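Written below as structure tokens is the structure these notes are about.
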Amino acid sequence: MKKLDVPFTLTSVILSVNLLTSWPVLAQTDLDPNSPGEEYLTNAQDFQLSSQNQLTSVNSLEELPTNETLQAQSQQLDINAPSDLDEIVNVNQLEDVTPNDWAYEALRNLVEKYQCISSDGEGNFNGNRAMTRYEFAAALNNCLLKVGRSISSLDNKFTSQEDLAVFQRLQAEFSQELQSITAKIDQLEDKTALLQENQFSTTTVLRGAIVFNLVSGFGDKKAVSPGNNSTEKLDANTTVSALSALTLDTSFTGKDRLRTQFLIGNVNNYGTSVTGTEMTRLTGAVDTGNYAVLGSLFYEFPIGDRGIVAIAPAADFPTRIFPPLNPISSISNFGAESPIYSFAFGTGAIAYYQFSDTIAAGITYLSSSGSFPSQGLFNGQYTALTQVTYTPSNKIGIAFTYGHYYAPEPGATIINVTGSKGSQFAQLPFGANTATSSDAFGLQFTYKLTDKLILGGWTSYFNAHAEGSPSVSRVNGSPGADADIWSWAVTASLVDVGKLGSQFSFVFGMPPKVTNNDVTERRDQDTSLHFELSYRYPLTNRIFITPGFLMITNPEHNAANDTVWVGLVKTAFLF
């Protein structure tokens, strides 16, 4: 018996089968694209920055890609990449193979007889559209390989000389396309081997983001605290600045995560130095002097199937794990999250546990002085925070949060009483150098009104205590003085307007205000209101542009101040 020469490798068999599964003309059973794999505890990265100038997650889960997933993604990129082999045959010159052609019928008969292509279970194509010559050649290639193995086997039963003649004629007819397929397979094998030898890491995923900011402020004069007169003109020219972030996520067990993040930026926060008030402070404003700094470092691991613990030597914050129940993507520090979260930041630990489908709770202890030997975790500034989250349905969520704060000198730390939100009196009710503690309470909610419209809101209350004498801050008061600080906001998110993945965000609220203070000279007399509107538009899956503006009436809760406006256009590139 004459043997058929089939000069193809086993790899081409695998690729041909994978290619054939996507063609409707072959009527094959679809393969499941999601192969089983372990899930990883991570947080989805929507490139926003927290009020503490760190990358903020949006409290949803994603899978950390495994080594196999990364290789598959790399192969997919290579398959879609331009190649010189694509020019072997001009697409416009291809002759389609229809069910009426002799070649189509010949291959169909061979498939039915030798089951050399996995189709509908009966060896039929079940297609009535024309095939490109490359599609046909891939099917023929797969059939040739299977028949070739049958010929070479000891129990060979392939004896039909007529079928051999048909195969030879098909090989001759489609020789150019078969050679092209083989060349592409060889090229993919070489690229796959190169990627495997030079991959970044089998345990670490590198992500990055670059954000350009075009910002300008508008107003008559800079804001001042109540009791003062504004004399300095608000002179804010349009600026262009940028922030770069590189994030390394490493997993050792498949369910843990070690994150190391570096930041480089020159973005002004548009706070007191520009407008006279921190009420105009922007989120994502990091100014490192264009030097690389460590932005965040933590290690997190699961507790059973429902809990998570994170230990952070630097720059952690509660809402990376706690759900803040704020559906918007805010451009401002105030709109990003309730102030109850903003005075907790730094070195420490966070734990969160889902007790049931509706009840979850967490606790955190963070200090901004954890790395200073003179103060450490417990003798300097610290915040202990706990939260209970109730989600009775997939449309509504409610969270109650309590926090205790202490700082020996709140003006000397990066975290003051309200986390740099609200008026200067709210941030430092007894002055910058007076030892201050605070008991804070927050109530947050979110409600999914429709598939596209989600509402949110919060109210927070801080009861601050003067632990030392306010006189050290040149403030008339005595130890034990109290101050009441309130804040509230309502938010709305409208998604997929104009394009899938887009988002309108709206914020209206009152930044933290001192409504009562035993030190009467540091009491806010009037009321500021915060208005904000922004629109995040995805140009591509990796490029987002966000125009927006915010307006502050009676800045610093002082009716003597003029209204201040800030306009922003943010462009984010993710990789």
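The values are calculated or read from the model by the stated rules, or taken from the named source; none is laboratory data. Note that the structure is predicted; figures quoted are calculated from it, not measured. Neighbour counts run over all protein chains shown; Cβ positions are idealised from the backbone, glycine included.
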Of the residues that make up segment 190-203, is at least one of a type in the set (Gly, Ala, Ser), in a loop (DSSP other than H, G, I, E, B) and closer than 30 Å to HIS557 by Cα?
no
Go through (1) modelled with pLDDT of 80 or more; (2) under 30 Å from VAL111 (Cα atoms); (3) assigned to a loop (DSSP other than H, G, I, E, B); (4) among the hydrophobic types (A, V, I, L, M, F, W, C) and name the single condition LEU154 misses.
(1)
Number of the exception - ILE340 against (1) crowded, with 24+ Cβ neighbours inside 10 Å; (2) part of a loop (DSSP other than H, G, I, E, B); (3) more than 21 Å from the chain's Cα centre (by Cα)
(2)
Among (1) within 24 Å of THR347 (Cβ to Cβ); (2) outside any loop (DSSP other than H, G, I, E, B); (3) within 33 Å of the chain's Cα centre (by Cα), where does VAL388 come up short?
(1)
Answer yes if at least one residue in segment 416-431 is basic (Lys, Arg), assigned to a strand (DSSP E or B) and modelled with pLDDT of 95 or more, and no otherwise.
no
Residues within segment 233-265 that are farther than 30 Å from SER201 by Cβ and either of a type in the set (Val, Ile, Thr) or buried (at least 18 other Cβ atoms within 10 Å of the Cβ) (or both), tallied:
5
Does segment 199-218 include one or more residues that are small (Gly, Ala, Ser), out of contact with any strand residue (DSSP E or B) (no Cβ under 7 Å at 6 or more places or on another chain) and either exposed (fewer than 15 other Cβ atoms within 10 Å of the Cβ) or on the phi < 0 side of the Ramachandran plot (or both)?
yes
Which of the residues that make up segment 171-191 are at pLDDT below 80 and among the acidic types (Asp, Glu)?
GLU173, GLU177
Among the residues of segment 97-122 satisfying the criterion of being part of a loop (DSSP other than H, G, I, E, B), modelled with pLDDT under 75 and more than 46 Å from the chain's Cα centre (by Cα), which is nearest to ASP163 (Cα to Cα)?
GLN115
Report the residue count in segment 303-337 for those that are in a strand (DSSP E or B) and out of contact with any Ser or Thr (no Cβ under 9 Å at 6 or more places or on another chain).
5
Quick count over segment 387-425, residues being in contact with a Leu (Cβ under 9 Å, 6 or more places away or on another chain) and not hydroxyl-bearing (Ser, Thr, Tyr), is 12
Is there a residue in segment 443-451 that is in the same structural domain as GLY468 (by TED's automatic domain parsing), crowded, with 23+ Cβ neighbours inside 10 Å and closer than 23 Å to ARG523 by Cβ?
no
When residues of segment 542-575 are limited to those that are without any contact (Cβ under 8 Å) to a residue 40 or more places away in the chain and under 28 Å from THR247 (Cβ atoms), the one farthest from the chain's Cα centre (by Cα)
PRO547
Evaluate the following for GLY567: is it buried (at least 22 other Cβ atoms within 10 Å of the Cβ) and modelled with pLDDT of 95 or more?
no
Considering segment 531-554, residues that are farther than 18 Å from ALA489 by Cα and among the charged types (D, E, K, R), and then whichever is surrounded by the fewest Cβ atoms within 10 Å (Cβ to Cβ), we arrive at ARG542
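Table: residues versus (1) outside the structural domain of GLY419 (by TED's automatic domain parsing); (2) touching a residue at least 60 places away in the same chain (Cβ under 8 Å); (3) not in a loop (DSSP other than H, G, I, E, B).
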| position | (1), (2), (3) |
| --- | --- |
| ALA223 | no, yes, no |
| ASN229 | no, yes, no |
| VAL240 | yes, no, yes |
| LEU248 | yes, no, yes |
| GLY254 | yes, yes, no |
| ARG259 | yes, no, yes |
| GLY265 | yes, no, yes |
| ASN290 | yes, no, no |
Going residue by residue through segment 365-373, is there one that turns out to be free of Cβ contacts under 8 Å to residues at least 12 places away in the same chain and surrounded by fewer than 23 Cβ atoms within 10 Å (Cβ to Cβ)?
yes
Going by the conditions given, is PRO410 in contact (Cβ under 8 Å) with a residue 60 or more places away in the chain, buried (at least 23 other Cβ atoms within 10 Å of the Cβ) and over 29 Å from the mean Cα position of the chain (by Cα)?
no
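Table: residues versus (1) within 33 Å of the chain's Cα centre (by Cα); (2) among the acidic types (Asp, Glu); (3) in the same structural domain as SER332 (by TED's automatic domain parsing).
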{"residue": "GLY422", "(1), (2), (3)": "yes, no, yes"}
{"residue": "PRO470", "(1), (2), (3)": "no, no, yes"}
{"residue": "ALA483", "(1), (2), (3)": "no, no, yes"}
{"residue": "ASP496", "(1), (2), (3)": "yes, yes, yes"}
{"residue": "VAL507", "(1), (2), (3)": "yes, no, yes"}
{"residue": "LYS513", "(1), (2), (3)": "yes, no, yes"}
{"residue": "LEU529", "(1), (2), (3)": "yes, no, yes"}
{"residue": "LEU533", "(1), (2), (3)": "yes, no, yes"}
